[in-house]
1. Looking only at A:ALA100, A:ALA33, A:ALA13, which one moves most when chain A is put into a Gaussian network model with springs between Cα atoms under 10 Å?
2. May I ask you to sort A:THR78, B:THR289 by Cβ crowding, counting other Cβ atoms within 10 Å and putting the fewest first?
3. At a Förster radius of 22 Å, what calculated FRET efficiency corresponds to the Cβ-Cβ distance of B:VAL217 and B:PHE354, to the nearest 0.05?
4. With point charges of +1 on the Cβ of Lys and Arg and -1 on the Cβ of Asp and Glu, referenced to the Cα centre of region B:46-112, which listed residue (B:GLY90, B:ASN66, B:VAL108) lies farthest in the positive direction of the dipole?
5. Where the centroid of each part is defined by its Cα atoms, how far is region B:133-200 from region A:128-154 in Å?
6. Only counting other Cβ atoms within 10 Å, I'd like B:THR103, B:THR41 sorted with the fewest neighbours first.
7. What number results when the radius of gyration of the protein assembly as shown, computed over Cα atoms, is divided by 2.2 N^0.38 Å?
8. Can you give the helix-only mean residue ellipticity at 222 nm for chain A, where every DSSP H stretch with n ≥ 4 adds -39500 (n - 2.57) and the sum goes over all residues, rounded to the nearest 500 deg cm²/dmol?
Amino acid sequence: MKFLGDWFVVLPAAVLLLAAGASVVMRNLIHAALCLTLSFIALGIVFIALGAEFVGLVQLLVYVGAVAMVIVFAILLTRPDRLEKSRTPFSGFGPAGGAAAGLVALVVLLGFIFSSPLAKKPLPAPASAPAAAIGEALMADHVVALIAIGVLLTAALIGAAVIAMEDKA
Amino acid sequence: MIGMIERAPVELLGWFLGLLGSFGVPSWILAVVSAVIIIGTIIGVFLGLFALTSVMERKILARVQNRYGPNRVGFFRWRLCGLFQPVADGIKMITKEDIVPRTADKVVHFLAPVVMMIPALMVLAVIPYGRDMVPADLDAGILYFFAVGAGTEVAVFMAGWGSNNKYSVLGAMRAIAQMISYEIPLVIAAIVAAMIAGSLSPSAIVAAQGGFAFGFVPQWFVLTPWGFTACLVFYIAALAESNRSPFDLPEGESELVAGHLTEYSGFKYATFFMAEYVGMFAVCGMLVTLFLGGWQAPLPFLAVIPSWGWFLGKICFVAVTMVWVRATLPRLRIDHLLAFGWKFLLPMSFAAFFSAACWHYAGRGPAAWILSLAIVGIPYLILGKSFSNRFAVSRRTYQFSE
């Protein structure tokens, strides 16, 4: 459906921005966490609409399935009471200052993005089997990075288990 | 004739779309109509299966427990062995009062059943129901299945927390811990099948299980050592993912008063119930696709039965075994449950993975079979030994009563 082509990206992106903004502004912490989860889902849909299905699906699997759950566990297991008014609003610079800071950050980021060498290269043609292509690239060209990330994750897991383990007196 | 029955659903849809097209309907409307018809058929079939399963489960549980199940509800004056029980249940659920606790979070409490139902229905799109009968033939279909299935965890948390009830929160925490723990063996077991088939697409995995060795033995993955292990791991992890007995601690009435479902009544409870059963069928469908050969017949001359018939039969068989397991095994305690998942299922899934890789690289010949059997069997014996020593039943001594 050609005429819907751009809207597949614009609508989820709008939902993403709204949900992310809502999660920052909301008073109730759990509502904020759920809005963040919605923004993860919207980001996954944006990835899929842009043609990166593998990244989008992994975003859904990892962020919605695991990271959102970790956030929720962390909130619930550390502050079980008074969740409604548990966030004090930051009354520092007010909304105008926040908007100005955001605009400056946006301009600087866009400048960096458009002047980087990656933006000047033409887009490569999408692979016929993207998952297979990503797998081959990871295992052949970037295997050192893959193994380093694996070691890092193992260290983090062991560290978390050690911290959470009871002291055997 | 056989070919006609086999191709009937696809041919019917094609004929109907051709008819519409001859009336000058533009092609994008035809695409929408085709999608709506396919979705409607799948939802209709699976909700019908859900209704039948609720009766079938109660009757099988009853027969195992030496009693009759529901056997009264029929149609007019025919008893029909109680097969109309789901109709009575549905009417009851719809007409029940919908009670929402006063201090519950209204939005979250309302949205939880909705968010639970959506992934359960969305995952049905990538399962191949017959020859050329996948609603969405995605390249990364297995990844889609697990990615969308992860949305159920969010729904369980919303249900538990939105009810503003200690038991619900506890039940939700346990349910999420169980789901996260068992998701890893589930995905690794699925990757075993995808690895040997060489693709993440379910239809490619089914096609890789085609053909017959020695002319009559089907080449399904479940008939190999690594495939058998991976199938069992997948089956057990699937029981845990859909919160079915013996992993139904989150819904245990004696422990947690229905856990995250405590404060739900009427139609919302029916929606949760429906989502759980549809999810169970979806994961049964994935098990059949990955390990039991999908829509393929077990023997060459049995291909007279259409492919979608075989798929339906296999799904029903796996679902009946799940009910059978429920009738047989007691519920697991939460620490036993988590220990079993992390200390037994996860190493076994890795053993199946390694075994499949060795089977492939040893040339898939007789030596490869023996090697893969050893790689799966030795960890199983070692792990089983270590578990049975830990939880050995010893003679009980009463400290203060002698």
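1. Maximum among the listed residues: A:ALA100.
2. Fewest-to-most Cβ neighbours within 10 Å comes out as A:THR78, B:THR289.
3. So, using R0 = 22 Å, E works out to roughly 0.35.
4. Most positive-ward Cα: B:ASN66.
5. 23 Å
6. Fewest-to-most Cβ neighbours within 10 Å comes out as B:THR103, B:THR41.
7. 1.06
8. -22500 deg cm²/dmol
Throughout, read-outs are computed from the coordinates displayed, never taken from laboratory work. Please read these numbers as outputs of a predicted model, since none were measured by experiment. When we count neighbours, we look across all protein chains shown, and the Cβ atoms used for this are built from the backbone with ideal geometry, even at glycine.
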